[in-house]
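One structure below.
The values are calculated or read from the model by the stated rules, or taken from the named source; none is laboratory data. Computed from a predicted model, the values in this text were never measured in an experiment. For neighbour counting, all protein chains shown are included, and Cβ atoms are generated from backbone atoms with ideal geometry for every residue, glycine included.
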Amino acid sequence: MTRTFEIAVFEGDGIGPEITAPTLRLLGALAARSEAYSLRFTPAPAGAAHYARTGESLPAASLATARRADAILLSAMGLPDVRYPDGTEISPQIELRKILDLFAGVRPVRLRAGQPGPLRLPEGAEIDFVLIRESTEGLFYSQGAGVVEQDEARETLRITRATSEKLFRFAFALAARRKAAGRGKGVVTCVDKANVFRAFAFFRSIFDAEARAFPDLEARHAYVDATALWMVQKPWEFDVLVTENMFGDILSDLGAGLMGGLGLAPSADIGLAHAVFQPCHGSAPDIAGQGIANPLAMILSAAMMLDWLGETHTLPALCVDGDRLRLAVETVVTNGTALTRDLGGRASTEAAAEAVARALAP
Ligand code: ATP
């Protein structure tokens with residue numbers, strides 16, 4: 001029996017439509033070959049250009065599409081010149097995290113042996129870890145509501161027990177799946193600053209309590225500053241890292257750097273009922289409309305979506321196709337013949353995506 005999944009597609013701003021089109025073609029081609037599932041793509045107009053045209057950045061109809069869909073695929077939203085009257089940027093992707101309670105920001109950092117990257121890895125070593133960034137509270141809790149007085153400014157960091165419990169359970173479950181799949185060591189590290197801040201000691205104590213439910217996994221602690229150092233010195237030793245929103249924001253860009261840049265960094269924002277899959281990069285207005293954007297981070301995000309749908313609906317065919325899509329991208333990066341300019345090549349968006357399609361061919 002074929003199961004159909006509805007995917008809400010936010011093609012967004014800037015390079016968004018250029019990287020969305022080939023990604024949907026690849027997904028469509030995979031689904032067309034499968035007897036287990038099919039995908040129905042529903043466009044969800046939103047973002048800065050939409051706001052400029054209509055006065056709405058996240059229309060109710062698009063939000064309804066997102067809520068109804070089985071998964072949400074989003075490219076990038078926001079344009080520097082289009083702002084709300086108070087001067088803030090248009091970022092429906094951040095609103096979606098809050099509205100849909102997407103507490104776990106999942107940022108895989110992967111560099112296969114032989115794949116070019118900024119670090120020299122020990123012979124045969126690979127980087128393969130996942131950074132989980134709490135995405136609804138932490139220091140971003142007071143976003144837009146910080147207090148600025150004449151000689152002083154204050155922002156509030158908020159850590160709640162309810163969100164931390166969900167976050168840590170998610171992190172341990174992910175580590176267990178990675179271990180079962182032979183891709184992880186079964187180690188979860190809580191990244192914090194518990195030696196200085198009470199809020200982080202609280203965060204860590206909740207982590208330790210949740211760890212007790214996963215006796216087959218190892219629970220470790222690390223301070224955020226040491227973690228930044230180790231991400232450069234020995235990133236091949238990490239498995240699953242879980243941290244607060246602001247720390248995760250910073251460390252995930254460091255993770256993107258380890259892979260060779262934003263053009264290769266996928267992400268997922270996952271909650272208990274919904275999930276958004278999108279590249280880590282923004283709408284890159286400086287290169288929009290030229291057909292030169294790197295589509296690989298978007299394609300890797302789509303691979304994460306297939307994997308998540310497969311896990312959530314216990315449909316292994318989706319996980320298999322997610323893996324195939326990821327491996328096809330890694331093959332293209334390792335071969336190095338169809339790289340876009342950000343990775344030092346000359347390929348167009350379409351040529352890079354076409355190379356992924358060829359690497360996928362049976
Ligand atoms: P945001 O704040 O919305 O995340 P940003 O200001 O960090 O965005 P990006 O839009 O991510 O900026 O762009 C940063 C730089 O990286 C730009 O020079 C952009 O052209 C480049 N860049 C981002 N994504 C890609 C991509 N997919 N392909 C090629 N270059 C990219």
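Among the residues of region 267-276, are any in contact (Cβ under 8 Å) with a residue 24 or more places away in the chain and more than 23 Å from ALA66 (Cβ to Cβ)? No; the residues of region 267-276 include none that is in contact (Cβ under 8 Å) with a residue 24 or more places away in the chain and more than 23 Å from ALA66 (Cβ to Cβ).
For ALA347, state whether it is assigned by TED's automatic domain parsing to the domain that holds THR2, free of Cβ contacts under 8 Å to residues at least 12 places away in the same chain, in contact with a helix residue (DSSP H, G or I) (Cβ under 9 Å, 6 or more places away or on another chain) and within 16 Å of the ligand (Cβ to nearest atom).
Details: assigned by TED's automatic domain parsing to the domain that holds THR2: yes; free of Cβ contacts under 8 Å to residues at least 12 places away in the same chain: yes; in contact with a helix residue (DSSP H, G or I) (Cβ under 9 Å, 6 or more places away or on another chain): yes; within 16 Å of the ligand (Cβ to nearest atom): yes.
Here the answer is yes, as ALA347 does meet what is asked.
Look at (1) modelled with pLDDT of 95 or more; (2) more than 16 Å from SER135 (Cβ to Cβ); (3) exposed (fewer than 13 other Cβ atoms within 10 Å of the Cβ); (4) of a type in the set (A, V, I, L, M) and you find that ALA162 fails only one, number (2).
Sort out which residues of region 80-96 are surrounded by fewer than 21 Cβ atoms within 10 Å (Cβ to Cβ), under 20 Å from the mean Cα position of the chain (by Cα) and either within 13 Å of the ligand (Cβ to nearest atom) or in the same structural domain as THR243 (by TED's automatic domain parsing) (or both), and write them in order of number.
Taking region 80-96 as the starting set, the residues that turn out to be surrounded by fewer than 21 Cβ atoms within 10 Å (Cβ to Cβ) are 80-89, 91, 94-95.
If we keep only those that are under 20 Å from the mean Cα position of the chain (by Cα) as well, we get 91, 94-95.
Hits for region 80-96 are SER91, ILE94.
Within the set ALA36, ALA29, ALA48, the sole residue that is farther than 18 Å from ALA275 by Cα and within 13 Å of the ligand (Cβ to nearest atom) turns out to be ALA48. Restricted to region 265-281, and to residues there that are over 18 Å from VAL9 (Cβ atoms) and near the ligand (Cβ under 10 Å from one of its atoms), the residue that is surrounded by the fewest Cβ atoms within 10 Å (Cβ to Cβ) is CYS280. Of the residues in region 318-332, not one is free of Cβ contacts under 8 Å to residues at least 12 places away in the same chain and closer than 21 Å to HIS274 by Cβ.
Taking ASN294, is it within 16 Å of the ligand (Cβ to nearest atom) and outside the structural domain of ALA171 (by TED's automatic domain parsing)? Show your work before the answer.
On the way: within 16 Å of the ligand (Cβ to nearest atom): yes; outside the structural domain of ALA171 (by TED's automatic domain parsing): yes.
Yes, satisfied.
Among the residues of region 67-100, which ones are over 19 Å from ALA145 (Cβ atoms) and in a loop (DSSP other than H, G, I, E, B)? Once the filter is applied, which keeps residues that are over 19 Å from ALA145 (Cβ atoms) and in a loop (DSSP other than H, G, I, E, B), region 67-100 yields ALA69, ASP70, SER75, ALA76, MET77, GLY78, PRO80, ASP81, LEU100.
GLY105 - would you say it is at pLDDT 95 or above and touching a Gly at 6+ places or on another chain (Cβ under 7 Å)? Judged against the criteria, GLY105 is a match. Out of all the residues in region 55-64, is one or more at positive phi and loosely packed, with under 14 Cβ neighbours inside 10 Å? Looking through region 55-64, at least one residue is at positive phi and loosely packed, with under 14 Cβ neighbours inside 10 Å. Specify the residue that is modelled with the lowest pLDDT; the eligible residues are those in region 239-264 that are aliphatic (A, V, I, L, M) and either in a strand (DSSP E or B) or within 11 Å of the ligand (Cβ to nearest atom) (or both). Among those that are aliphatic (A, V, I, L, M) and either in a strand (DSSP E or B) or within 11 Å of the ligand (Cβ to nearest atom) (or both), it is LEU262.
Candidates in region 325-349 are the residues that are crowded, with 16+ Cβ neighbours inside 10 Å and charged (D, E, K, R); of these, the one that is farthest from PRO266 (Cα to Cα) is ASP342. Can you find a residue that is assigned to a helix (DSSP H, G or I), in the same structural domain as PHE203 (by TED's automatic domain parsing) and surrounded by fewer than 19 Cβ atoms within 10 Å (Cβ to Cβ) anywhere in region 117-140? So far as region 117-140 goes, yes, one or more of its residues are assigned to a helix (DSSP H, G or I), in the same structural domain as PHE203 (by TED's automatic domain parsing) and surrounded by fewer than 19 Cβ atoms within 10 Å (Cβ to Cβ).
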